[in-house]
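Engineer: I'd like to ask some things about the structure below.
Every number here is computed from the coordinates shown, using simple stated rules; none is lab data. Just so it is clear, the model here is predicted, and its values are computed rather than measured.
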Amino acid sequence: MAEFQVVVGDPDTGKSYQFTVEGKEANRFIGKEIGDEVEGKLIGLDGSTLLLTGGSDVIGRKISKKIKGPAPRKILVTDKTEKKNSLRSGERKRITVRGREISEQTSQINTVVSNKGKLSIEDLVNSTEGIEEDAA
């Protein structure tokens, strides 16, 4: 069974929220690619639409939009945009990244809210936290 950490960014408030998704809901993410839209009800945000923007796999390799499929590939980086550590002028580095398709090896999925539902994300998150606290 797949299990993902889904990080949802709210562009209006600038806050981000983390959700753990497992089971059937997690299987619905498999096969989606970066740039696709998914329904927010998969993680408990009814009425919202989420845009997949990135992520990482279980080892920590980032997902690249440039690589097709889910497999890891080595790419040659020549500028500062692909690598956090700054490269000197003329320096090149070979790094391993994962393809843009979500697979079972993915551990974290980054998303942004593209269409909001009736309630704000903060209200939906607070209402689900209250249910979890009551159950404990």
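Engineer: Considering Cα pairs under 8 angstrom that are at least six residues apart, work out the relative contact order of the chain and quote it in whole percent. Let's see the in-between values first.
Structural biologist: Values: 256 pairs, mean separation 41.6, N = 136.
Relative contact order, the chain: 31 percent.
Engineer: Quick check: the angle from helix 121-135's long axis to the longest principal axis of the chain, C-alpha only, nearest 10 degrees?
Structural biologist: 60 degrees
Engineer: Cα centroid distance between region 1-64 and region 94-111, in Å?
Structural biologist: 12 Å
Engineer: Residue-wise, which Karplus ³J(HN,Hα) couplings in Hz belong to region 53-60, taking 6.51 cos²θ - 1.76 cosθ + 1.60, θ = phi - 60°, and x for glycine or proline?
Structural biologist: 10, x, x, 8, 9, 5, 8, x
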